[in-house]
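Here is the structure we will look at.
Nothing in this text is a laboratory measurement; each read-out follows from the coordinates by a stated rule. Note that the structure is predicted; figures quoted are calculated from it, not measured. Cβ: placed from backbone, ideal geometry, glycine included. Neighbour counts: every protein chain shown.
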Amino acid sequence: MKIEGLNRLSDNDIITKRAELMRELMALQIQLRMQQLENTSKIKKTRRAVARLNTELRAREIAQNLPKGTLLGRSVAKAHDEATGAEAEGTGKRSRFGFGLLKDALLGRKSDVTESSEGVQNG
């Protein structure tokens, strides 16, 4: 990912891309720990791509005289609310990027979300 391309993206696009890369980074770290990762340089490249996105977001915050983390907080909350159809309340037990669900899926465990939805269907 080149820095020049980031200038053309909207704030929400950068947030979405950052979330995707964070999920990918988590998956790569799990694969590394399980000794299934063949190319370990992917972790370094993904971390650097996330850092570039964070730098671009912070530069936009500085240009708009906003406090640190304002764009990230607004965009993530808005995206979460649109995806779930919920109002702006707490996000619950899971992180806003779904790392727990991803980790459970990779490790072959049932997650709290899956168990609760099965209970509703059966009951």
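Structure notes:
- Rounded to whole Hz, the Karplus (6.51, -1.76, 1.60) HN-Hα couplings of the range 62-72, x for glycine and proline: 5, 4, 9, 6, 9, x, 4, x, 5, 5, 5
- Ascending count of other beta-carbon atoms within 10 Å, so fewest first, for 43, 14, 62: 62, 43, 14
- Footprinting exposure proxy for 22, 34 (fewest neighbouring C-beta atoms within 10 Å first): 34, 22
- Computed from phi, the 3J(HN,Hα) profile of the range 3-11 under the Karplus parametrisation 6.51, -1.76, 1.60 (θ = phi - 60°) reads 5, 4, x, 5, 5, 7, 7, 7, 4 Hz, with x in place of Gly and Pro.
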